[in-house]
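Q: Take a look at the following structure, please.
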Amino acid sequence: MTSMSEDSPTESVPERLVNATIALLAEQGPAAIKARTVAAATGLSTMVVYSHFGGVPELVRAVVDQGFKELDRAFSEIPASSDPIADLFAMALSCRRLARQNPHLYDLMFGLSTRATYRPVGESDVRLSGRSPAFRDAYAHTLEACVRLVNSGWIAEQAPEVIAAQLWSYVHGYITLELSEHFVDFDDPVAQVMMPMGVNLVVGLGGDRDRAVASHESVLVPDLSVRADDHNSMNVS
């Protein structure tokens with residue numbers, strides 16, 4: 001899989017441009033994102049990019065929004081259970097899978113690229129990643145799970161939004177380092193690095209270690225085959 005999005009016969013022109021950009025990111029990297037290459041990939045004229053988006057920076061912002069919509073959809077497919085710790089780890093693994101499917105799109109979503117084609121729009125634009133409606137819709141799943149975690153009484157009483165920010169930081173810090181091949185010396189970095197870090201965070205929040213380990217392991221075991229597939233299909237240009 002090379003994209004977080006799939007083509008549809010009913011796509012509008014803007015959707016075709018966004019999906020073509022996502023596919024180009026996966027296949028060729030950020031250097032390929034130019035008005036003419038995106039237009040060529042859709043069989044449309046270069047002017048279509050400008051008429052629908054105004055330019056490449058605005059197209060890129062729409063691509064970022066689509067990435068977060070896909071993340072929102074992935075989170076929505078994880079049913080809320082009686083174990084909020086397991087639910088949060090399942091969400092973390094979903095983030096990782098999407099990031100590995102299209103690392104360049106992930107970089108773009110989280111502001112990790114310094115490539116010229118990733119020029120940001122104006123600072124006052126409310127669509128910037130951390131404030132965009134698409135981001136907030138995806139992030140709301142994390143916050144809701146943290147509310148359930150606090151209400152469960154499994155950790156010390158504290159603000160769910162602060163816990164969510166900490167969890168978000170740990171997950172995306174791990175993913176960024178893994179994509180940069182910082183964990184190549186580990187046989188299974190998810191089991192050896194990511195899961196223990198999640199357990200330690202829960203314990204630091206006042207949770208019981210044995211319960212935290214059991215919750216994480218309940219998600220980790222079914223995920224083994226998926227992780228193997230991700231490893232075999234990962235393509236970083």
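The values are calculated or read from the model by the stated rules, or taken from the named source; none is laboratory data. Keep in mind it's a predicted model, so treat the numbers as computed, not measured. FYI the Cβ positions are ideal-geometry reconstructions off the backbone, even for glycines, and counts take in every protein chain you see. Keep in mind that these areas ignore ligands, DNA and RNA; they rest on the heavy atoms of the full protein, side chains included. Shrake-Rupley method; radii C 1.70, N 1.55, O 1.52, S 1.80 Å.
Q: I'm trying to understand the selection: among the residues of the range 167-196, which are surrounded by fewer than 15 Cβ atoms within 10 Å (Cβ to Cβ) and within 19 Å of Pro84 (Cα to Cα)?
A: Ser169, Pro196, listed by residue number.
Q: Check off (1) of a type in the set (A, V, I, L, M); (2) open to solvent by 30 Å² or more (accessible area, probe 1.4 Å); (3) modelled with pLDDT of 95 or more; (4) closer than 29 Å to Phe53 by Cα for Leu112 and give me the number that stays unchecked.
A: It is condition (3) that Leu112 fails.
Q: Same structure, new question: In the set Phe68, Phe89, Phe75, which member is in a helix (DSSP H, G or I), modelled with pLDDT of 95 or more and over 13 Å from the mean Cα position of the chain (by Cα)?
A: Details: Phe68 fails: over 13 Å from the mean Cα position of the chain (by Cα); Phe75 fails: over 13 Å from the mean Cα position of the chain (by Cα).
Only one candidate qualifies: Phe89.
Q: Taking the range 201-220 as the search range and keeping residues that are closer than 21 Å to Phe186 by Cβ and over 22 Å from the mean Cα position of the chain (by Cα), which one is surrounded by the fewest Cβ atoms within 10 Å (Cβ to Cβ)?
A: Val213
Q: As an exercise: evaluate Ala92 against (1) touching a Gly at 6+ places or on another chain (Cβ under 9 Å); (2) open to solvent by 60 Å² or more (accessible area, probe 1.4 Å) and give the number of the one condition it does not meet.
A: Result: Ala92 passes all but (2).
Q: Can you tell me which condition Arg73 does not meet? The list is (1) without any contact (Cβ under 8 Å) to a residue 60 or more places away in the chain; (2) in contact with a Leu (Cβ under 8 Å, 6 or more places away or on another chain), and all the others hold.
A: Result: Arg73 passes all but (2).
Q: Within the set of pairs 6+ apart or on separate chains, which have a first residue in the range 176-203 that is more than 21 Å from Tyr106 (Cα to Cα) and part of a helix (DSSP H, G or I), a second that is open to solvent by 80 Å² or more (accessible area, probe 1.4 Å) and modelled with pLDDT of 95 or more, and C-beta atoms under 6 Å apart?
A: Close Cβ pairs satisfying both conditions: Gln192/Phe186; Val203/Arg209.
Q: I'd like to check something: does the range 43-60 contain any residue that is open to solvent by less than 10 Å² (accessible area, probe 1.4 Å) and farther than 19 Å from Ser132 by Cβ?
A: yes
Q: Moving to a separate point now. Name the one entry in Ala138, Ala159, Ala145 that is buried (at least 21 other Cβ atoms within 10 Å of the Cβ), more than 27 Å from Glu58 (Cβ to Cβ) and at pLDDT 95 or above. It would help to see each step written out before you state the result.
A: Values: Ala138 fails: more than 27 Å from Glu58 (Cβ to Cβ); Ala159 fails: buried (at least 21 other Cβ atoms within 10 Å of the Cβ).
From the options Ala138, Ala159, Ala145, the qualifying one is Ala145.
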